[in-house]
Amino acid sequence: MSQIENTAPADPAPIPFEPLKQTNSVVTEATWVRWLLIAIGVAFLSLFLMLPLLSVFVEALRKGFGPFFDAFSDSDTIAAIKLTLLAAAIAVPLNLVFGLCAAWAITKFEFRGKQLLITLIDLPFSVSPVVAGLIYVLIFGAQGWAQPWFGDHVGKVLFAVPGIVLATIFVTFPFIARELIPLMQEQGTEDEQAALSLGATGWQTFTRVTLPNIKWGLLYGVLLCNARAMGEFGAVSVVSGHIRGLTNTMPLHIEILYNEYEFVAAFAVASLLAMLAMVTLAAKSFLEWRYADQLAASRRH
Amino acid sequence: MSATATLPARRPTKRAIPGLGPTLGFSLFYLGLIVLIPLAGVFFKASGLGVSGIWHVITSERVLAALRLSFGAALIAALINVVFGSIVAWVFVRYDFVGKRLFDAFIDLPFALPTAVAGIALTALYSPNGWIGSLVEPLGIKIAYTPLGVIVAMTFIGLPFIVRTVEPVLREVDRDLEEAAATLGAWRWQTVVRVIAPAVFPSVVTGFALAFARAVGEYGSVIFIAGNFPLVSEIAPLLIIIKLEEFDYQGATAVAATMLVISFVLLLIVNLLQAWVRKRS
Amino acid sequence: MNVRPLLSRLIRPALAAVLAGTAAVGHADLLNVSYDPTRELYKAVNAEFSADWKAKSGKGTRIQTSHGGSGKQARSVIDGLEADVVTLALAYDIDSIAERAKLLPTNWQQRLPNNSSPYTSTIVFLVRKGNPKNIKDWDDLIKPGIAVITPNPKTSGGARWNYLAAWGYALRKYGNDPAKAEAFVAKLFKNVPVLDTGARGSTTTFVQRGLGDVLIAWENEAFLSVEELGPDKFDIVAPPLSILAEPPVALVDVNVDKHGTRKEAEAYLQYLYTPAAQKLIARNFYRPYRPENADPADLARFPKIELFKLNDVFGSWAKVQATHFADGGVLDRILAK
């Protein structure tokens, strides 16, 4: 993704391209093409994204705001919300540390088997949630390999909170690393080398040079990781045991409510989950807007 | 290698930058603990069947049909996402229109929405009495409870992968080059095909691979909309569940291991392809 | 960038919460692992039992419940979900727990009255209001153009009862000829447009999505959907012949001894046979073991159906499982057609 910039003369003078886009027809498309593309994009998003989401909110508010808010006063719902936040609060920081380490090792160094390592990092994306749950059953189940020792020395894993946290870590494993690797690959190592040659320690280089360079990608990866951590259903469903108020996360609780014909409550909790995601995304949009200059600068880098 | 030749400073050297040991060490440790050891369990369990046993399981007509559906529908869904996701990314980066920020903020929601909710919402929309299903039903098209429904659900969950990998790269494409191409007499579409497309191609491939991989294993949203008929609309993860219901853990892990191997090989090919493209340019 | 204090501030409460969560699971007074349609029933029973037990023993009990597909729930218990009692859709699932995990003796079904079934149910039809397709009996389900909704017997306990009810009817109709019965059931499944994974899923498909002319369902499930989702939209049709479904309950010995909850668990299961619970059972649309204790008005709702027993027609659950539902069994043959 960086080859264009690499082959271009070093540090091209910043060209104010906003006006160009409006006036110069050679770097943009005919008006009708533009409108056609916008129409296609919007139609596609509406059909596959907005309508399903809209229907969630329509269902949640079918009986007005009263029942909608009532849904959140139920103690089981509150317990589910807490458990979901807890699982995300553990899974995201762990995957954050991993993502930084993996991206650093992969992008700053050359070694054999790098593509293999990247592929292994991608692997949890392709593992069916059903299988992700199953692996923990095989290991920590009553007939599992690790359970005899684990059960005696550490405690319950499966059908308890640790199992849910493990499953969440697994399914959100690649997100941050995956977001950082292409970004850091493109940024190269000149900045770090400059800092090091000026006498900075490795840690200083990382916190003062690398981190500021990658903070947007990092933030973005954290947001995605967090959204996915809170929304995971399949894998958690296998390891949870579905005990009301104890091992139900929000997605599982939504399924339970739906199965109890509590449609409004089910969609209310679902819309809360959607809104949690939207809050983080709104925060991202706000930061992007607030620090637009910095962002542009770091991107031009 | 041309990049390193023109810009020697970019060559990563072990001596200059510290931290390979600890970061790679931790990465491998964590990868092993969270991903590799648990997944090895799948292969270990399946190996109890022996090679011929596994072969027998995965070549049964029903398993083959399910694998074909899961991989085929995931492929189609990922291709749909490549086309439309790229258009969406293009529109987001290059044009301004009312509601753009709103759409932009919603793109990631398929990650956040529990798959079961997505499944229920999509089924409600695309079933014969739903908002969309009722529109296409008179045309004789059935979406929910057919393989088409599987594709719809997989398209939904894979969309963010394409948009979010293509968008940042597209943003970085140098306008100077487009300018240059134009001044050299290139038509607009030539510029798009010869200048922009090669630049974003690797990211499209990444997005495709991720969306595809994610869709192959998808369960929660698909079972609601699929119809779940053997040989027709039964996805491979459902077959795993069915085998588990029969306490056939080995058969279940045999199917799971097969899916894993195929996905892994596909992802590896894509990643190697990308590394090759990067080196070549 | 002061990372360390922040991290420790985040991680410590998280760890504490994890440990607390684990502890809470261990000390839950009773865990009842049940199948899907019993949610409403056990909500009611648990409240009354807790009050009753408090009055008798002076101790409070908290009853946790977990609901899901019967087979999946059984598997969870086998894999280590520490249920004190299991209340599942069919005896085979509890047999599996006894055989595979040895958590209770294999003769568990003899420990409580009526084959350990404090309530029974049967399989009926739910149709659209006014019964526009005029569905009266099993024969009507195999007519061309009738869309039948039933879950997948591979993943749903209720669907196995549906399947066996149809099979039992066909055996009677064709003079116990299994080949003809198989053809009958195969024809029925030809009319099924979607196989949901669970009973509630099928109900949703039929009721919310408007798909199908008839839903084959648990009697209690059919009544509940009519009550919850619109008495003006659906009718219950009782076929003249159906199966006696016996959802059993059992104490999980190993788990109660581990938790020290044997007394409470035994009392809980015994309580299901008391007049108070039998009344609740009938109110929640299950057929009570002792109808004399139920409200006559509740009983009057149940249609008169001739019910055959699984053991009389099929021998045992183990046999049924091996011939019909196992990999490569009759069901696989039917569905692959």
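Any read-out appearing in this document is the output of simple, stated calculations on the displayed coordinates, not a laboratory observation. As the structure is a prediction and not an experimental result, all values here were calculated from the model. Reconstructed Cβ throughout: ideal geometry from the backbone, glycine too, with neighbour counts over all protein chains shown.
List of remarks:
- Each principal axis of region A:53-135 carries a Cα extent, and these read 60, 27, 23 Å when sorted largest first.
- Sequence-distant lysines (8 or more away, or on other chains) whose Cα lies within less than 19 Å of residue C:337: C:143, C:154, C:180, C:187, C:190
- Dipole of region C:24-124, positive end: most advanced residue of C:88, C:31, C:69 [Cβ charges, Cα centre]: C:31
- Shape of region C:113-182, Cα gyration tensor, a/c cut at 1.5: oblate
- For region C:51-117, the set of trypsin sites (Lys or Arg not before Pro) satisfying both a DSSP loop assignment and a count of at most 11 other C-beta atoms within 10 Å is given as C:59.
- Filtered trypsin sites (Lys or Arg not before Pro), region A:86-165: DSSP coil and at most 12 other beta carbons within 10 Å: A:112
- Local electrostatic count, residue C:141, Cβ distance below 13 Å [Lys/Arg +1, Asp/Glu -1]: +2
- Dimensions (Å) - region C:85-125, Cα atoms, principal axes, largest first: 37, 21, 14
- Listing B:249, B:126 from fewest to most neighbouring C-beta atoms within 10 Å gives B:249, B:126.
- Paramagnetic label zone (point 7 Å from Cα along Cα-to-C-beta, residue A:112; backbone N under 20 Å) in region B:252-281: B:268-269, B:272-273, B:275-276
- Other protein chain Cβ atoms within 10 Å, averaged over every residue that makes up A:104-117: 5
- Each peptide in B:204-217, B:250-263, C:133-146 gets a packing score, the mean of other Cβ atoms within 10 Å over its residues, and the list from highest to lowest is B:204-217, B:250-263, C:133-146.
- Fraction of beta bridges assigned by DSSP in the protein assembly as shown that are antiparallel (%, nearest 5): 55 percent
- Rounded to the nearest 20, the size of the Cβ-charge dipole of chain C about its Cα centre is 620 debye, with Lys and Arg at +1 and Asp and Glu at -1.
- In region B:44-280, inverting the average of 1/r over every pair of distinct C-alpha atoms gives 19.7 Å as the Kirkwood radius.
- For chain B, hydrophobic long helices are taken as DSSP H runs at least 20 Å long by C-alpha position along their axis with mean Kyte-Doolittle hydropathy of 0.0 or more; these are B:61-94, B:147-172, B:197-217, B:249-280.
- Along the axis of the charge dipole computed for region B:44-280 (Cβ charges of +1 for Lys and Arg, -1 for Asp and Glu, origin at the Cα centre), the listed residues B:89, B:228, B:184 are led at the positive end by B:184.
- Kirkwood hydrodynamic radius (C-alpha pairs) into Stokes-Einstein, region B:106-215, 20 °C and 1.002 mPa s, D in µm²/s: 131 µm²/s
- Summed residue charge, Cβ within 14 Å of residue A:277's Cβ, Lys/Arg positive, Asp/Glu negative: 0
- Shape category assigned to chain A from the gyration tensor of Cα positions, a/c cut at 1.5: oblate
- Only helices reaching 15 angstrom along their own axis (Cα) with mean Kyte-Doolittle hydropathy no lower than -0.5 count here, and for the DSSP H runs of chain A these are A:31-45, A:75-108, A:114-126, A:129-140, A:161-172, A:175-187, A:211-231, A:263-290.
- Surface/4 of the Cα convex hull for the protein assembly as shown, nm²: 39.4 nm²
- Rounded FRET efficiency, nearest 0.05, which uses the C-beta distance separating residue B:141 from residue B:189 and R0 of 41 Å: 0.80
- For region C:140-184, trypsin sites (Lys or Arg not before Pro) are listed when DSSP marks them as loop and at most 12 other Cβ atoms sit within 10 Å of their Cβ; the list is empty.
- For region B:26-138: rounded, prolate or oblate by the Cα gyration tensor [a/c cutoff 1.5]: oblate
- Helix axis angle, C:219-229 relative to chain C longest principal axis, alpha carbon, degrees: 80 degrees
- Under 16 Å of direct C-alpha separation, and excluding same-chain neighbours fewer than eight residues apart, residue C:102 reaches these aspartates and glutamates: C:79, C:82, C:84, C:93, C:253, C:257.
- Computed from label points 7 Å out along Cα-Cβ, the spacing between residue B:59 and residue B:79 is 2.8 nm.
- Taking the Cα centre of region B:44-280 as origin and assigning +1 to Lys and Arg Cβ atoms and -1 to Asp and Glu Cβ atoms, the resulting dipole is close to 440 debye.
- Computed helical MRE - 222 nm, the protein assembly as shown, DSSP H runs ≥ 4 contributing -39500 (n - 2.57), nearest 500: -19500 deg cm²/dmol
- The modelled label-to-label distance for the pair residue C:143/residue A:70, using points 7 Å beyond Cα in the direction of Cβ, is 4.2 nm.
- Approximating the spin labels as points 7 Å out from Cα along Cα→Cβ, the residue C:174-to-residue B:93 distance works out to 6.3 nm.
- Residues C:67, B:56, C:259, ranked from the fewest to the most other C-beta atoms within 10 Å, line up as B:56, C:259, C:67.
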